[in-house]
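For reference, the structure is listed below as structure tokens.
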Amino acid sequence: MHDPAAEFLADVRAFARTHVERDAAAWARGETLDPAVTFHAAGIGLTRMEVPVASGGLGLGFRTKVEACAIIAAVDFGLAMSLVNTHNVAKRIAMTASETVASRLLPDLVSGRASACTALTEPSAGSDVSAMRCTARPTDGGWILEGEKTWIVNARHARLSIVYAQTGEHGDGAGIAAFLVDLTNPCCERYPIESGFSQTSIGTGGFWLNRYFAPNEHAVLPAGTAFKAILSEINGARIYVAAMCCAMVSAGLRLACAHGETRQSFGKPLDQHPTWREPLARCATHLAAAWALVEAAIVATENGADTRHLAAAAKVNAVSLAQVQLPAMLHAMGAEGLKEAYPVTRHIGASQIAALTDGSTAMLLDRLARWNPTPISL
Ligand SMILES: Cc1cc2nc3c(=O)[nH]c(=O)nc-3n(C[C@H](O)[C@H](O)[C@H](O)COP(=O)(O)OP(=O)(O)OC[C@H]3O[C@@H](n4cnc5c(N)ncnc54)[C@H](O)[C@@H]3O)c2cc1C
């Protein structure tokens, strides 16, 4: 029977095994992405998964998006983040922009000719989003945007950004609105951000907006709704980031298992040594629990339930798992695991990035301190 989600995921798996596996080590060395990779990703639908069919999308569900992100992250977390961020902007435009704006902007995003980003973070406003200093002031026919955004996925190459800016008093969450911004406009100045963990495939960068004019039709989320919209959208992001962390650990565990079957030590394969097997058994146990929490969060999303706590818990748990278990899997592979042919060292860097994006571990723990997850009455 024709199953569009299964067919799409088969294409994603093939893409991950070919294009992503082939190039991920080079991206980690700072080599730029071949545009053919992004075109291929867009061609199979990775930038239009949840975009409605009527808007040129695949109209697939949240679960499929989470699985697609996880499949790519098992090979390269950065590329998965880059593609899903473009996708999320395309979905937002399809949902909230006027038909004229959508028909002008969507085709390039879904075809891979352009990438996009969502920009909240600023040099002096990270965890405390409501402290943002980027302003939007009304003018004839639109808004003047002024300020800087930094540490933004895709900002080094995105054509389009959804920029959150303060329309009211500094510190007023209800005054924050969201605007579509053309980053190729001369009023935008962008810069790449590099770090000890390569930021190439995730495309990290920042930009300044110098008296940028956004017409009224580009105000996609008005003040009063934008802050709430991003908080609810971010729950979905936490779930797919959790799945991506689980997938990175799954990849590390699989590699360590395979290594243990063939690597000889003291006259027998490593996996014949009980003390060598124990960390793998612990990893598998914690990994199963982490995937189960992701599954619970997906089911809650599908049922339209409140996912605030489940999404936060799934992310905190999966990120912590990756931060602990990926070094353990690397150790189990001995020196061999350090070779760039394997993704484990890259995944360790990625798990540190995952701990910050879409709500840092500290901020999510603050919310979870008030959560009682006990499922039965005691
Ligand atoms: C690779 C990468 C990509 C990113 N992509 C995007 C993007 O696309 N769009 C976007 O808008 N942002 C993006 N971010 C920014 C990300 O959302 C921020 O890094 C995050 O919100 C944390 O902000 P900060 O880094 O300024 O840390 P800070 O807010 O300065 O916090 C520093 C540390 O203190 C902790 N902390 C902060 N406040 C408290 C508190 N009250 N109690 C206890 N602990 C606290 C934090 O958890 C963190 O560990 C990205 C970041 C990275 C690294």
- request: Compute the acute angle (0 to 90°) between the alpha-carbon long axis of helix 344-354 and the principal axis of greatest extent of the alpha-carbon atoms of the chain; round to the nearest 10°.
  value: 40 degrees
field: Only Lys, Arg (+1) and Asp, Glu (-1) charged, at Cβ; the chain dipole about Cα centre in debye
entry: 460 debye
message: Please rank Y164, Y191, fewest neighbouring Cβ atoms within 10 Å first, as an exposure proxy.
response: Y191, Y164
message: Using the basic label-point model (7 angstrom from Cα toward the beta carbon), what is the A369 to R133 distance in nanometres?
response: 2.8 nm
- request: Give, as ranges by residue number, the residues of segment 106-129 whose backbone N falls under 14 Å from the point 7 Å along Cα→Cβ of T184.
  value: 106-116
query: What does the charge add up to near A10, with Lys and Arg as +1, Asp and Glu as -1, over the other residues with Cβ less than 13 Å from its Cβ?
result: -2
query: Given the Cα atoms of segment 180-260, and with Rh set as the inverse mean 1/r over their pairs in the Kirkwood sense, what is Rg to Rh to two decimals?
result: 1.15
message: With angles folded into 0 to 90 degrees, how steeply does helix 308-332 sit against the dominant principal axis of the chain? Use alpha carbons for both and round to 10.
response: 40 degrees
query: With all pairs of different alpha carbon atoms counted, what Kirkwood hydrodynamic radius in Å does segment 1-67 show?
result: 12.9 Å
- line: Sparse-neighbourhood loop hits (trypsin sites (Lys or Arg not before Pro), segment 295-365; DSSP loop; Cβ within 10 Å at most 14 others) -> K339
Efficiency of FRET from Cβ geometry, E146 and A174, R₀ 25 Å, rounded to 0.05: 0.80
- prompt: Given the options R277, R92, R48, which has the most mean-square fluctuation in a GNM of the chain, springs set between C-alpha atoms less than 10 angstrom apart?
  reply: R277
- prompt: Given springs between every Cα pair under 10 Å in a Gaussian network model of the chain, which of A16, A26, A318 has the largest fluctuation?
  reply: A26
- prompt: Which of the lysines could a cross-linker bridge to K228, judged by Cα under 23 Å and excluding same-chain residues fewer than eight apart?
  reply: K65, K91, K149, K315
- prompt: In degrees between 0 and 90, to the nearest 10, how far off the longest principal axis of the chain does helix 99-111 point, with axes built from Cα atoms?
  reply: 30 degrees
query: Which loop trypsin sites (Lys or Arg not before Pro) in segment 1-36, with loop taken from DSSP, have no more than 10 other Cβ atoms within 10 angstrom of their Cβ?
result: R29
- request: Quote the relative contact order of segment 227-368 in percent (integer), defining contacts as alpha-carbon pairs under 8 Å separated by 6+ residues.
  value: 34 percent
message: What FRET efficiency comes out for T262 versus R29 if R0 is 25 angstrom and r is the Cβ-Cβ distance? Round to the nearest 0.05.
response: 0.35
- request: Measure off 7 Å from each Cα along the Cα-to-Cβ vector at E194 and E233, then give the distance between these two points in nanometres to one decimal.
  value: 3.1 nm
query: Tally Lys/Arg at +1 and Asp/Glu at -1 over every other residue whose Cβ is under 15 Å from the Cβ of R308; what's the total?
result: +1
task: Quote the FRET efficiency, to the nearest 0.05, computed for A341 versus M95 with a Förster distance R0 of 45 Å and r equal to the Cβ-Cβ distance.
output: 0.60
task: Taking each pair of different alpha-carbon atoms in the chain once, compute 1/r for the pair, average those values, and report the inverse of that mean as the Kirkwood hydrodynamic radius in Å to one decimal.
output: 21.5 Å
- prompt: Most mobile of F266, F227, F39 per a Gaussian network model of the chain (Cα springs, under 10 Å)?
  reply: F266
- prompt: How many nm is it between the label spots at T225 and R211, if each spot is 7 Å from the Cα in line with the beta carbon?
  reply: 3.1 nm
message: Rounded to whole Å, give me the distance from the Cα center of segment 1-73 to that of segment 144-166.
response: 24 Å
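Where a number appears in this text, it was derived from the coordinates with a stated rule and is not lab data. Quick caveat, the model's predicted, so the values are computed rather than measured. Positions of Cβ are generated from backbone atoms using ideal geometry, with glycine treated the same way; all protein chains shown enter the neighbour counts.
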